[in-house]
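The values are calculated or read from the model by the stated rules, or taken from the named source; none is laboratory data. As the structure is a computational prediction, the values presented were derived from the model and not from experiment. With ideal geometry, Cβ positions are generated from the backbone for all residues, glycine too; neighbour counts draw on all protein chains shown.
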Amino acid sequence: MCAVVGVINSKQASLYAYYALFAMQHRGQEASGISVSDGKNLQTLKGKGEVNTIFNETNIASLQGELAIGHNRYSTAGSASLADAQPIVASCMLGEVALAHNGNLVNKDEVRTRLINEGAIFRSNMDTENVIHLIARSKKPNLKERFIESLKDCIGAYCFVLASKGKLFVVRDRFGVRPLSLAKLKDGGYIVASESCAFDLIEAEFIRDVKPGEMLIFTLGKDEFESIELFKAEPRICAFEYIYFARPDSIVEGKSVYEMRKKMGEILADKFKHKVDFVVPVPDSGVSAALGFASRLKIPLEMAIVRNHYVGRTFIEPTQELRNLRVKLKLNPMHKVLEGKEIVVVDDSIVRGTTSKKIISLLRNAGAKTIHFAVACPEIKFPDLYGIDTPTFEELISANKSVDEVREYIGADTLSFLSIDELKQSLGTQRQYSLVSFDGDYFIKS
């Protein structure tokens with residue numbers, strides 16, 4: 001769920017990379033970094049924390065060059081230490097390179113063990129570092145061929161941006177599990193980013209999505225770029241991009257995230273049979289679905305839970321202790337609006353159940369009489385190995401409890417989910433999606 005960005009042939013490359021990372025802060029808050037090339041040298045600045053705490057006007061101005069890559073970290077592989085911040089920078093026989101990655105390589109341990117047995121020394125715990133070693137150890141004559149060869153040992157979901165002193169390489173795995181888009185900058189350069197909302201901020205013109213299985217190669221000083229079909233495309237964009245991850249103002253694979261979430265809410269409402277005074281969305285990720293839900297049932301929507309926007313997302317906090325504290329810091333119910341009311345709370349998902357339990361407790365204490373809980377996605381029953389922080393069955397409440405047991409645990413009067421078929425109906429049946437969290441279909445085999 002990390003964010004990656006690549007910018008080339010722009011005199012404001014580092015600034016554009018900064019703004020793109022700022023727009024995609026929701027995809028990771030643990031660390032951020034930018035690497036810039038002026039054609040001769042690579043400079044890198046990275047740190048732990050959010051984008052605007054790491055970068056400022058002075059240090060961005062010091063990152064001079066027309067080629068930049070950047071990364072916001074959300075840890076699914078590795079740890080939260082600074083050594084695991086990206087981009088990863090290393091020197092090899094072909095010179096300095098910098099690499100940033102969104103996704104998760106499911107064969108990382110196997111490849112790492114092999115590399116260590118062959119004498120490699122690792123600085124971080126990240127799967128991304130495997131690729132740097134594979135490139136450095138390759139016997140191919142140039143970086144393009146070395147990078148392509150390294151991808152043969154990359155099984156899983158990935159969007160890579162790789163910078164050398166004069167080139168930018170962009171590649172997306174053949175399933176296209178994680179999003180990646182291409183746009184043209186106002187000054188003539190190009191930008192690739194995990195989400196299209198990054199383009200809106202800097203007024204870049206969207207061109208297209210990077211295709212699953214495609215590599216793009218850009219060169220400093222050249223307007224043309226090369227496109228290579230590395231793998232036969234088998235598109236399966238992650239459904240969770242539409243459910244939770246992506247910003248609602250992003251367009252993912254040609255579809256508005258906002259409209260998809262509204263549709264999920266509408267279909268969820270079709271099977272809701274209880275009488276309530278109004279709909280309460282869980283801010284902010286549940287708002288779009290709640291709008292669709294309320295509209296379909298023609299009942300009021302009340303923003304009865306106020307979010308403190310100076311507190312980040314709870315789902316992506318690395319420890320349970322921090323998640324629990326942040327729910328209370330982040331959400332506050334309106335007592336005067338809720339007192340004595342029968343309500344339906346709409347949220348995007350239930351992962352561990354701890355956030356939902358805390359929200360319902362807050363609403364009860366605020367005086368809500370009856371609380372129905374409606375979830376705009378199916379039960380999450382399987383760990384996602386392709387870039388989501390749900391690594392074990394033990395962490396997933398729906399993998400271990402029935403719907404009624406989950407309802408009892410979170411303290412709701414009723415609990416409803418979308419079915420998998422209803423989710424597919426919401427998203428559209430014209431293509432396949434990665435639904436691994438719901439159906440356990442681990443489709444990336446080799």
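Remarks
- On inspection, Gln86 does not qualify as assigned by TED's automatic domain parsing to the domain that holds Leu21 and in a strand (DSSP E or B).
- Among the numbered conditions (1) buried (at least 16 other Cβ atoms within 10 Å of the Cβ); (2) out of contact with any Cys (no Cβ under 6 Å at 6 or more places or on another chain), the only one that Asp421 does not meet is (1).
- Residue that is more than 30 Å from Asp384 (Cα to Cα), crowded, with 18+ Cβ neighbours inside 10 Å and at pLDDT 95 or above, where the choices are Leu42, Leu21: Leu42
- Among the residues making up region 264-288, those that are under 24 Å from Ala23 (Cβ atoms) and not hydroxyl-bearing (Ser, Thr, Tyr) are Met264, Pro281, Val282, Pro283, Asp284, Gly286, Val287.
- For region 191-216, a residue qualifies if it is basic (Lys, Arg) and over 22 Å from Ile148 (Cα atoms), and exactly one does: Arg208.
- Scanning region 267-296 for residues that are buried (at least 19 other Cβ atoms within 10 Å of the Cβ) and assigned to a helix (DSSP H, G or I) gives Ile267, Leu268, Ala269, Val287, Ser288, Ala289, Ala290, Leu291, Gly292, Phe293, Ala294.
- Lone qualifier among Arg172, Arg208 - being crowded, with 19+ Cβ neighbours inside 10 Å and at pLDDT 95 or above: Arg172
- Flag for Gly65 being in a loop (DSSP other than H, G, I, E, B) and surrounded by fewer than 19 Cβ atoms within 10 Å (Cβ to Cβ): no
Listed here are the residues, each with its yes/no results for (1) of a type in the set (Asp, Glu); (2) in contact with a Leu (Cβ under 9 Å, 6 or more places away or on another chain); (3) in the same structural domain as Ala136 (by TED's automatic domain parsing); (4) within 20 Å of Leu435 (Cβ to Cβ).
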site	(1), (2), (3), (4)
Lys167	no, yes, yes, no
Val177	no, no, yes, yes
Ala193	no, yes, yes, no
Ala204	no, yes, yes, no
Glu241	yes, no, no, yes
Arg247	no, no, no, no
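- Subset of region 125-149 (residues that are polar (S, T, N, Q), surrounded by fewer than 23 Cβ atoms within 10 Å (Cβ to Cβ) and closer than 29 Å to Ser434 by Cα): Asn125
- Restricted to region 372-383, and to residues there that are surrounded by 24 or more Cβ atoms within 10 Å (Cβ to Cβ) and not in a loop (DSSP other than H, G, I, E, B), the residue that is farthest from the chain's Cα centre (by Cα) is Phe373.
- Just one of the numbered conditions (1) within 22 Å of Leu185 (Cα to Cα); (2) in contact with a Leu (Cβ under 7 Å, 6 or more places away or on another chain) is not true of Ile88: (1).
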